[in-house]
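Just so it is clear, none of the values below were taken in a lab; they were calculated from the coordinates. All values derive from a computational prediction rather than experimental measurement. Neighbour counts run over all protein chains shown; Cβ positions are idealised from the backbone, glycine included.
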Amino acid sequence: MDLILLERVEKLGAIGDVVSVKDGYARNYLLPNKKALRANDANKKLFEANRAKIEADNAEKRSAAESHSGNVEGKQVVLIRASSNSGQLYGSVSVRDIVDALNEQGAEVAKQMIVLERPIKTLGIFDVRVNLHPEVSVTVQVNVARSPDEAELQSQGVDVMAAMFEQDTSGFTEAYDPNAEPGEIVAEEEAPAEGEAEA
């Protein structure tokens, strides 16, 4: 389906571009969200007649988004989640979780603005893009940890999972006797009884 874009659409085109897209994408997303018009003669004339107003409105929205970006840029949100010992979350971090955490800090963002490249399913710090406007995007950090203390360590650059495994490996060593028969239990050396002199 051929459409005239009414605003910049990422990976598609800018205002006024005539693009060809799949019917479902046009019917379910671009047309209902008023991001495009069907590219017929009547709509082309209508667009050209209103082009200056459409571009002025877009410029106004862009400048509002740029001024709002200072409120969102560089924010870090901490999300506390349960995870396995390997750092895999039980579930994943959703867009709604990120939006709620940002809005608690006064960022005023909506779900549609958050761009998650892939689901967050492990502990760690992740950069997440927020599109405030088709031409204005900022980055926020999402710090996923099991406790506020771990979140603090991660924000200082400590790899919590690696540190945890280092502690685990040094904890337990098994007594080993190279002369023992297979299956034989190693007897611990008996301490000398009181009063006996050590040889």
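Annotation for residue 49 and residue 94: the two label points, set 7 Å from Cα along the Cα-Cβ direction, are 4.5 nm apart. Would you mind checking the pairs 61/111; 11/61; 22/44; 11/35; 53/111; 22/61 and listing those with alpha carbons more than 25 angstrom apart? Beyond 25 Å: 53/111; 22/61.
Per-residue packing, averaged as other Cβ atoms within 10 Å, sorts the ranges 41-50, 59-68 into the order 59-68, 41-50, beginning with the highest.
Working from Cα pairs under 8 Å separated by at least six residues, relative contact order for segment 76-169 is 30 percent. Multiplying the residue separation of residue 117 and residue 69 by 0.36 nm and subtracting their alpha-carbon distance yields 15.3 nm. Annotation: extensible slack from residue 127 through residue 104 equals 6.4 nm (criterion: 0.36 nm per residue apart, minus Cα-Cα distance).
The Stokes-Einstein estimate for segment 2-66, based on a Kirkwood radius over Cα pairs and taken at 20 °C with 1.002 mPa s viscosity, is a diffusion coefficient of 177 µm²/s. Fully extending the segment from residue 8 to residue 147 would add 45.9 nm, taking 0.36 nm per residue of separation and subtracting the current Cα-Cα distance.
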